[in-house]
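Asker: One structure, as structure tokens, below. Some questions next.
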């Protein structure tokens, strides 16, 4: 999470913008989409805060503990929600990854990471690499599937499923990048 400054700030911007769009998606008329968007907004803003380069600000140790508590609660909520929707399993893995990174940052001297379990880090990296590839493929247009309409026509720009998928893809890429520094 605390690597070179330029990529760190790009990651902060990507995650913050994604979190902001997810907040706008919370205005959807579809209840399940609103619920998922809330969890994704929390993840986006949390990732943005954790990705701030160390050269700009080194948060106190209690901050990492607070992240662990917040994302621990988000993991429990995602576990509960996974009973009805398998999409929440991805939220569960993301929240667990955030707890793991926060715990690593709490335990490391100076909050610079590098003290994580290679097995757990590798497993999470493999998961998010696979997720990014899967999500990227889902964004590719399917030949012959067009109906002559513009994608998302008749819906608000906050309800467009392809933009929500792109946000999830960008957060998966961000999570992968953050895990590389653990």
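Conditions tested, residue by residue: (1) assigned to a helix (DSSP H, G or I); (2) free of Cβ contacts under 8 Å to residues at least 12 places away in the same chain; (3) over 15 Å from the mean Cα position of the chain (by Cα).
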{"site": "27", "(1), (2), (3)": "no, no, yes"}
{"site": "38", "(1), (2), (3)": "yes, no, no"}
{"site": "41", "(1), (2), (3)": "yes, no, no"}
{"site": "48", "(1), (2), (3)": "yes, no, no"}
{"site": "63", "(1), (2), (3)": "yes, yes, yes"}
{"site": "74", "(1), (2), (3)": "yes, no, no"}
{"site": "80", "(1), (2), (3)": "yes, yes, yes"}
{"site": "93", "(1), (2), (3)": "yes, no, no"}
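Asker: Which of the residues that make up segment 50-61 are more than 16 Å from the chain's Cα centre (by Cα) and not in a helix (DSSP H, G or I)?
Answerer: Result: 53, 54, 55, 56, 57, 58, 59, 60.
Asker: Inside segment 114-155, can you point out the residues that are at pLDDT below 75 and out of contact with any helix residue (DSSP H, G or I) (no Cβ under 9 Å at 6 or more places or on another chain)?
Answerer: Matches in segment 114-155: 142, 143, 144, 145, 146, 147, 148, 149, 150, 153, 154.
Asker: Answer yes or no as to whether residue 53 is in contact (Cβ under 8 Å) with a residue 40 or more places away in the chain and within 19 Å of residue 182 (Cα to Cα). Break it down into steps so the answer makes sense when it comes.
Answerer: Numbers: in contact (Cβ under 8 Å) with a residue 40 or more places away in the chain: yes; within 19 Å of residue 182 (Cα to Cα): yes.
Against the criterion (in contact (Cβ under 8 Å) with a residue 40 or more places away in the chain and within 19 Å of residue 182 (Cα to Cα)), residue 53 qualifies.
Asker: Just for segment 2-25: of the residues that are in contact (Cβ under 8 Å) with a residue 60 or more places away in the chain and farther than 26 Å from residue 180 by Cβ, which one is surrounded by the fewest Cβ atoms within 10 Å (Cβ to Cβ)?
Answerer: Within segment 2-25, the match that is surrounded by the fewest Cβ atoms within 10 Å (Cβ to Cβ) is 24.
Asker: Quick one: what pairs do we get from segment 166-180, first residue on the phi > 0 side of the Ramachandran plot and at pLDDT 95 or above, second buried (at least 24 other Cβ atoms within 10 Å of the Cβ) and assigned to a helix (DSSP H, G or I), C-beta under 6 Å, 6+ apart or different chains?
Answerer: Taking only residues 6 or more apart or on different chains, not a single pair turns up.
The values are calculated or read from the model by the stated rules, or taken from the named source; none is laboratory data. What you are looking at is a predicted structure, and each value in this text was computed from that prediction instead of being measured. Don't worry about glycine lacking a Cβ; one is built from the backbone with ideal geometry, like all the others, and counts go over all protein chains shown.
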